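The values are calculated or read from the model by the stated rules, or taken from the named source; none is laboratory data. In this text the structure is predicted, and so the values were computed from the model without any measurement. FYI the Cβ positions are ideal-geometry reconstructions off the backbone, even for glycines, and counts take in every protein chain you see.
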Amino acid sequence: MHELFLTAVVPDADIERAKALLQGLSGMTARGTVHRILYFAGPPQPRGLAVKRAIPQPIQPAQGRLWTELHQQMVRQSFVLQARYPVNRDELGAAPGPATSPGAAAILSGAAQGTLRWTDIPDPTGGSSTTGITRLVTQRKKVELPETRNLPAILTDNGYRFKSELIEESFIFYSNGNEYVLARYHRLPSAAPAAPGTPPTPLAALPSWDQITNSAGVDPSRQWLFFVRRHVVDDTSPDKMKKAVEALEAARAQLTGIFAFVPVDRRAHDTRIERPAGGGNVGLPAAQAQKLRT
């Protein structure tokens, strides 16, 4: 599957106006969502997702094909993967609860269903003489495995390490096959290590929503990112890919003067793990930390 999208930036002061405009465009009320995103860095030397003992059984045929595709991609190159969990705002700030809460107990026990997401570095495209700068439509390979339990165990079994987590706040609209998303990202405090030198772990309990939104965000100016997206399942079809680009260009023209779409350096969406030069271990490059959002 390929994901194609346009990108713009919306100041926090303009968010209500942006939501009203998109509501008028789509004829629907915004679908507000909150997700907890856990980032897992793959091993320096790629080895895929061959260990399957933690994958819930039986595996449905469609799900099995996605696991196979993801494994093949992880054999080719090691990446940072996202484990995404929906969060109920009303449960935030509570003490660690039962296995169905969004806390670490539910996630690490495997009881919570999450979505495993991988995205490749965007395809190189023409339209600019500046190295690394793409045209306005960004397109990249994407694999998602929804409603999957045991994600931390599956990833840990295959050499992936938990690195960090964020909260994603978004408002989503749909119209004419396009997905319109306003999103921003909030930092979470790091869990205290059990002992010096021990690897990080997800928080046992999340702060309240007020604490999350009032803390320093990923973007200090608290701006929102605006995406117009389309997905092409049959991404081997040049005609379908072309039509998706044309649909996004039409959406861009429709929104001219309202949102200022910008070209994106494809490296801003690069979640590849650098291979060690001499066979030694390397961690997640420091520059990656600001890029692992969408």
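Confirm whether residue 5 is in contact with a Ser or Thr (Cβ under 6 Å, 6 or more places away or on another chain) and either of a type outside the set (A, V, I, L, M, F, W, C) or part of a strand (DSSP E or B) (or both).
Working: in contact with a Ser or Thr (Cβ under 6 Å, 6 or more places away or on another chain): yes; either of a type outside the set (A, V, I, L, M, F, W, C) or part of a strand (DSSP E or B) (or both): yes.
Judged against the criteria, residue 5 is a match.
So is residue 3 over 28 Å from residue 219 (Cβ atoms), under 22 Å from the mean Cα position of the chain (by Cα), modelled with pLDDT of 95 or more and surrounded by 14 or more Cβ atoms within 10 Å (Cβ to Cβ) or not? For residue 3, the condition - over 28 Å from residue 219 (Cβ atoms), under 22 Å from the mean Cα position of the chain (by Cα), modelled with pLDDT of 95 or more and surrounded by 14 or more Cβ atoms within 10 Å (Cβ to Cβ) - is not met. Give all pairs with beta carbons closer than 8 Å in which a residue from the stretch 193-213 that is more than 12 Å from residue 92 (Cα to Cα) meets a residue that is small (Gly, Ala, Ser) and modelled with pLDDT of 90 or more; count only pairs at least 6 apart in sequence or on separate chains. As it stands, the answer is 200/164, since those pairs meet every condition given. Going through the stretch 135-187 one residue at a time, which ones are of a type in the set (A, V, I, L, M), over 22 Å from residue 120 (Cβ atoms) and in contact with a helix residue (DSSP H, G or I) (Cβ under 7 Å, 6 or more places away or on another chain)? Of everything in the stretch 135-187, those that are of a type in the set (A, V, I, L, M), over 22 Å from residue 120 (Cβ atoms) and in contact with a helix residue (DSSP H, G or I) (Cβ under 7 Å, 6 or more places away or on another chain) turn out to be 167, 182.
Listed here are the residues, each with its yes/no results for (1) surrounded by fewer than 14 Cβ atoms within 10 Å (Cβ to Cβ); (2) part of a strand (DSSP E or B).
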residue: 20; (1), (2): yes, no
residue: 50; (1), (2): yes, no
residue: 54; (1), (2): no, no
residue: 64; (1), (2): yes, no
residue: 71; (1), (2): no, no
residue: 74; (1), (2): no, no
residue: 81; (1), (2): no, yes
residue: 93; (1), (2): no, no
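Listed here are the residues, each with its yes/no results for (1) in contact with a Phe, Trp or Tyr (Cβ under 7 Å, 6 or more places away or on another chain); (2) closer than 27 Å to residue 8 by Cβ; (3) not acidic (Asp, Glu).
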residue: 173; (1), (2), (3): yes, yes, yes
residue: 202; (1), (2), (3): yes, no, yes
residue: 206; (1), (2), (3): no, no, yes
residue: 209; (1), (2), (3): no, yes, yes
residue: 216; (1), (2), (3): no, yes, yes
residue: 221; (1), (2), (3): no, yes, yes
residue: 229; (1), (2), (3): yes, yes, yes
residue: 240; (1), (2), (3): no, yes, yes
residue: 244; (1), (2), (3): no, yes, yes
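Of the residues making up the stretch 199-247, just one is under 18 Å from residue 39 (Cβ atoms) and of a type in the set (Ser, Thr, Tyr), namely 201.
Looking at the stretch 113-121, can you tell me whether even one residue there is more than 22 Å from residue 54 (Cα to Cα), of a type outside the set (Ser, Thr, Tyr), at pLDDT 95 or above and buried (at least 17 other Cβ atoms within 10 Å of the Cβ)?
Applying the first criterion (more than 22 Å from residue 54 (Cα to Cα)) to the stretch 113-121 yields 119-121.
From what's left, of a type outside the set (Ser, Thr, Tyr): 120-121.
Narrowing further to those that are at pLDDT 95 or above: 120-121.
After this cut, where a residue has to be buried (at least 17 other Cβ atoms within 10 Å of the Cβ) as well, the list is 120.
Within the stretch 113-121 (the criterion being more than 22 Å from residue 54 (Cα to Cα), of a type outside the set (Ser, Thr, Tyr), at pLDDT 95 or above and buried (at least 17 other Cβ atoms within 10 Å of the Cβ)), the answer is yes, since at least one residue qualifies.
Here residue 27 passes the criteria (1) modelled with pLDDT under 95; (2) on the phi > 0 side of the Ramachandran plot except the one numbered (1).
Just for the stretch 254-271: of the residues that are farther than 24 Å from residue 18 by Cα and of a type outside the set (S, T, N, Q), which one is nearest to the chain's Cα centre (by Cα)?
Residues of the stretch 254-271 farther than 24 Å from residue 18 by Cα: 265-271.
With of a type outside the set (S, T, N, Q) added as a condition, the list becomes 265-270.
Numbers: 265: 17, 266: 15, 267: 15, 268: 13, 269: 10, 270: 12 Å.
Selected residue: 269.
The residues of the stretch 41-99 that are within 14 Å of residue 116 (Cα to Cα), of a type in the set (Ser, Thr, Tyr) and in contact (Cβ under 8 Å) with a residue 24 or more places away in the chain amount to a single one, 85.
Of all residues in the stretch 95-104, those satisfying the criterion of being assigned to a loop (DSSP other than H, G, I, E, B) and either at pLDDT 60 or above or more than 17 Å from residue 186 (Cα to Cα) (or both) are 95, 96, 97, 98, 99, 100, 101, 103.
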